[in-house]
Amino acid sequence: MELLIIPLLFALIALFVPKQFLRYYALIGGLVSTAVAVGHVVTYVPADLYVSVFDPNWASTFGLTYKMGYDGISLIMIVLTNLVTFLILLSNFNGTLASNRMFTSMVFFMQVGLLGVFLSMDGLLFYVFWEISLIPVFLIFLWFGAPGRKADLIKFFIYTFVGSLAMLFALMMLKVGGSGFEGAASFSWEDLMKVQLGTTSALWVMGGFFLAFAVKIPLFPFHGWQPETYVKSPMAGTMLLSALMLKMALYGMMRWMLPMAPEAIESYTMPVVVLGTIGVIYAAILAIRQKNIKRTFAFASISHVGLIAAGIVVMSYDAMTGAVIQMVNHSLVAVGLFLAAEVIDRRLGTNEYENLGGIAKQAPRFAFWFGAIVFAGISIPLTSGFIGEFLLIRGVYFYDMTWGILIGTTLILACVYTFRAYQLSMNGPSKNFNFPDLTWNETAVFFVLMVLIVFIGVYPQMIVEVIEPSLKTLLDNIHSSQNIAH
Amino acid sequence: MSISQLLPLILLLPLIGGAINGIFGKNMPKVLVGSIATLATSLSFVFALMIFFQIDEAVRVNLFTILSLPSIELNASFLADNLSIWMTLIVTGVGALIHLFSMGYMKNDPGYYKFFTYLNLFIFSMLLLILGSNYFILFFGWEGVGVCSYLLIGFWYADAEKGMLNSMAARKAFVMNRIGDLALLIGMFMILNQYGTLEYLELANMVTVGQIVTSPEMMLGITICLFIGATGKSAQIPLFTWLPDAMAGPTPVSALIHAATMVTAGIFLVVRSNFLFELAPFTQDAMLYIGLITSIVAAFIAMRQNDIKKVLAYSTVSQLGLLFVALGMGAYTVAIFHVTTHAFFKALLFLGSGSVIHAVSEEQDIRKMGGLKNKIPVTHITFLIGTLAITGFPLLSGFYSKDEILAVAFGQNTTLYILVLISVIMTAMYMFRLYFVTFHGTYRGSKETESHIHEGPASMTLPLVVLAVLSVIGGVLNLPGIWFKNQAHWLSHYLERNTAGLEKIVTDHLADSTVMVLMAVAVLVTLAILAVSYSVYVKKNSIPVEDSELSGWEKVSANKLYIDEIYNFLFVKPIVWMSEKGYSFFELYFLNGIVLTITKGIAAGGERVKKWQSGYANWYVLWMVSGIVGLIVYYLVKI
């Protein structure tokens, strides 16, 4: 439970910390919560379903159970959340927002929301945290975003809100029951999973979850809110959105969408694979000619997560492993790429390619780390992305050869737009501006990211060992209820 | 030391060298940086030699497990067998010489330490590729050399005029390679699904013993995918246009990566997978035809190029084509023999061209050279040896390796032999043209540059001399059976031992008399072209004219068959169009439009509903009362 309470306390106290100490306070908060999460990994012993961390053993009249816990998969996401939050705070250390109380508090609140999502073992609780996590990132966007953001704010809110309502509908359906099936005893994960849905109702339940997750990931064609929100959010907001918030949705697919309505998986697999593939190719092609570095990376993000979603729904153990590794990798790379964009923005006040060029000559340290992240972004072997994409593409290929090959083109397209982004901004002769090299905290963030990326790339077994038992249990549960349905 | 101890050392040394230079090189003296890099590679070579002398069976060393899942286990394990050790010797040996050359060539470059870091990392990646005991590790190296190649092609990315062009060339190389890489990856998936392992030894066992019966279609799919991967790395049609552009990198890079080692990775892949290709006759034919066409097309383009490095680049493409012809005919050991001699003389030619470029103040256009033979004598002599070796001049290394390919082709059918011979003839034509125009006649550059012409330092001339010696004597590795009967085909026999699959392949040799006749034909042809070239370029002193004055086939050749333009029209333009229209129309207008329509509809609905909230209390009372009545009616009905 301290997993949740510590960031909550940090979020509340942040409102009263003197401004000159705030940046140090933020770092301490990030470090402490990361350390606590790592402690949980070290002492983690795989349990039957999940390790319970909070269970008041009390059911309210409408079935809310307050059950919280984690298994290997959630644990990886929890560590990732805390670490990335810390890195976001660290990369902001010298920024103007670092001494803003509301900002610091909101980042910690976001952390609470995300951790809640990953810890919830109760459907309604999951929904509540899912919605809570929307508020801080929305407020960060509202208060600190770029000018001209009003329409994008509304769009962002409406999109995600509609998705959330669909999920609420699915949860209600599971609990209340409907024609031909009994509702669940409570909203707890186990009870919801026991519900035997009919063919049609399973389609509706899964559809409800799918819409919520598809919007947040975002999957093509539900991505309309994403590019401008990413571009106009302050950097910390963009990082929270891309590195963490969309992971809630991918995690949700694994934890909630597939186990709740296994009867409908087969009807959903192909459409999701197709949407994922279209998204991979469509977003990659659009990324190729963008004029703004942040928008390039926004489309790149859509392209990369399409593959993860497709890998999850094919439901093979290998692809699921790949999905978890790739979720971690995508977070690390997204933080790196958006930080690179931010480093440029902080110094030059622009992210348009036409104003950039020749930075490498002036800032060799930045050139090196940005270059390293670029190679991680195109999934070179020895980086975590390669392991993830290898398993994911293989999973999709195994499910369907044609779509596997098509989705594999991400390997080719990714290097076109990622290299373009790097070369247009960094290469060529020096231009008429002064570009100071990285500060210590920016370097530190890149350093931590690359160490993790290479470590996971060389020894992914470390993650595999944590998630293996949980993934097996999860898939076994899904398969067995699938078999009952047949 | 035992093989299992030596093998990791061979791999680690270049990595350590690269790490030291990468981290501390910036503040170290240049000599130290260069020496560390050269020493690391040389030591790897020495260790490889030690393995070479003691190996008598294939040894596999497993370092650790990368990934262990129920359906796959991927190990970081390495394999020392005769093939991989031979390739290691080439890579580290030629690599060490090129490192040494670079110490002189890059002396004044501000990115000196970066250059040597990349070179060492390249050697490391190349060794991963060669020494890996499975396709997975091979793929690590395969992409790793691509990364190093990218970094080194775009090494001068900040150049005022060419910086952006160099970067584009690097990106082009990487993207085209990635197309091949995807195919290779798919091929690996197929192998994995079919056999459940990516280890060469297990695979060879399963395939040759026939434990698992593989349908011809599956075998075709696997081998075609591997072959497409090979066409990317080894610059074959249709994925070859990146290699000439890759000449944007420093010349030692062209010698090491884009001539001697990396581009032969595709050949290595096919030789490694020989047991698969042997069961896929269609793929073998495809390799043969693709190789043949590439060889002739590239040689044709090389005829009218005037950039000294471009000529050599197309020459490399053409020679690689010949290698695929050999592979298509199942002559794997012959291919490795030619890879070896080609590494010697093509590295020599590239380093020689580097020495020339260095001498004439970075000029690369041979029309502005001429008469260099007395000004840079060492470069001249060694370049001449390289030229003679590649054109198959009698008794030099290229003579033997090329004749082997010609002989195998003759053994298949005469038409094939003639086509290969045409490629060989064209090679002689463009190489002699290149040599004579560069070194003979009078100097055509500016007076100012003429005064600067000088031979490079010893670190540059020494590798030239060593490579020249190797280019001369390299042929003894695999003598044809007509001399020294007992020692003949040493390399072929060597490779056939301890190499999965190769020991099973029976190579039959032509009769001695036939071999003699074929040799005589090749010699006569080469000498004839030498004579003609001498009279045209030296006696008549004709110099290549401006491209704009060319017509007919010469214009087509000078414009590289317009292949870049065709690719641009077929692939680049449509994608750019899709990207721009996709964003402006589909994304902003269409998708956004749908959402806007929906929200407008909701807003309009809201306007209507708003009217119900009129603010008049009596209306609210009415709604409330009807609500209550409704509920009562509902419950009454329900009961």
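Here is a yes/no grid of residues against (1) closer than 30 Å to residue B:71 by Cβ; (2) touching a residue at least 60 places away in the same chain (Cβ under 8 Å); (3) surrounded by fewer than 24 Cβ atoms within 10 Å (Cβ to Cβ); (4) more than 10 Å from chain B (Cβ to nearest Cβ):
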{"position": "A:380", "(1), (2), (3), (4)": "yes, no, yes, no"}
{"position": "A:385", "(1), (2), (3), (4)": "yes, yes, no, yes"}
{"position": "A:390", "(1), (2), (3), (4)": "yes, yes, no, no"}
{"position": "A:406", "(1), (2), (3), (4)": "yes, yes, yes, yes"}
{"position": "A:416", "(1), (2), (3), (4)": "no, yes, yes, no"}
{"position": "A:438", "(1), (2), (3), (4)": "no, yes, yes, yes"}
{"position": "A:441", "(1), (2), (3), (4)": "no, yes, yes, yes"}
Helices (runs of 4 or more DSSP H) contained in segment A:244-322 and holding at least 2 residues surrounded by fewer than 23 Cβ atoms within 10 Å (Cβ to Cβ), of a type outside the set (D, E, K, R) and within 14 Å of another protein chain (Cβ to nearest Cβ) = A:265-288
Do you know which residues across segment B:184-215 are of a type in the set (A, V, I, L, M) and either touching a residue at least 24 places away in the same chain (Cβ under 8 Å) or within 11 Å of chain A (Cβ to nearest Cβ) (or both)?
-> B:184, B:185, B:186, B:188, B:190, B:191, B:192, B:198, B:201, B:203, B:204, B:207
Filter segment B:556-594 down to residues that are more than 14 Å from every other protein chain (Cβ to nearest Cβ), without any contact (Cβ under 8 Å) to a residue 40 or more places away in the chain and among the polar types (S, T, N, Q), then give me how many there are.
-> 2
Matching residues in segment A:137-150 - criterion: being in contact (Cβ under 8 Å) with a residue 60 or more places away in the chain and part of a helix (DSSP H, G or I) | A:137, A:140, A:141, A:144
Give the residue that is surrounded by the most Cβ atoms within 10 Å (Cβ to Cβ), with candidates limited to residues of segment B:237-291 that are farther than 28 Å from residue B:459 by Cβ and under 10 Å from the mean Cα position of the chain (by Cα).
-> B:266
Which condition breaks for residue A:373 when tested against (1) within 22 Å of the chain's Cα centre (by Cα); (2) within 8 Å of chain B (Cβ to nearest Cβ)?
-> (2)
Filter result for residue B:488 (free of Cβ contacts under 8 Å to residues at least 40 places away in the same chain and loosely packed, with under 13 Cβ neighbours inside 10 Å) = no
Here are B:78, B:116: which of them is farther than 25 Å from residue B:349 by Cα and surrounded by 24 or more Cβ atoms within 10 Å (Cβ to Cβ)?
-> B:78
What about residue A:93, is it among the aromatic types (Phe, Trp, Tyr), crowded, with 24+ Cβ neighbours inside 10 Å and over 15 Å from the mean Cα position of the chain (by Cα)?
-> no
Selection from segment B:412-454 of residues that are among the hydrophobic types (A, V, I, L, M, F, W, C) and either without any contact (Cβ under 8 Å) to a residue 24 or more places away in the chain or under 18 Å from residue B:380 (Cα atoms) (or both) = B:418, B:428, B:431, B:432, B:434, B:436, B:437, B:439, B:453
Take residue B:159 and decide whether it is among the acidic types (Asp, Glu) and either touching a residue at least 12 places away in the same chain (Cβ under 8 Å) or not assigned by TED's automatic domain parsing to the domain that holds residue B:326 (or both).
-> no
In segment A:403-434, what residues are touching a Phe, Trp or Tyr at 6+ places or on another chain (Cβ under 6 Å) and not in a loop (DSSP other than H, G, I, E, B)?
-> A:404, A:415, A:424
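Among the helices (runs of 4 or more DSSP H) contained in segment B:486-601, which hold 1 or more residues that are farther than 22 Å from residue B:410 by Cβ and over 32 Å from the mean Cα position of the chain (by Cα)?
B:512-533, B:573-581
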In segment A:196-227, what count of residues is obtained for those that are surrounded by fewer than 21 Cβ atoms within 10 Å (Cβ to Cβ), part of a helix (DSSP H, G or I) and of a type outside the set (S, T, N, Q)?
-> 4
So, in segment B:59-85, of the ones that are farther than 22 Å from residue A:462 by Cβ and out of contact with any strand residue (DSSP E or B) (no Cβ under 9 Å at 6 or more places or on another chain), which residue ends up farthest from the other protein chains (Cβ to nearest Cβ)?
-> B:82
The condition from (1) over 24 Å from residue A:325 (Cβ atoms); (2) more than 11 Å from chain B (Cβ to nearest Cβ); (3) touching a Ser or Thr at 6+ places or on another chain (Cβ under 8 Å) that residue A:399 misses is numbered (1)
Out of A:93, A:109, A:156, sole residue that is outside any helix (DSSP H, G or I) and of a type outside the set (Val, Ile, Thr) | A:93
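The values are calculated or read from the model by the stated rules, or taken from the named source; none is laboratory data. Predicted model, so just to flag it, every value in this text is computed and none were measured. Note that each Cβ is placed from the backbone with ideal geometry, even for glycine, and that neighbours are counted across all protein chains shown.
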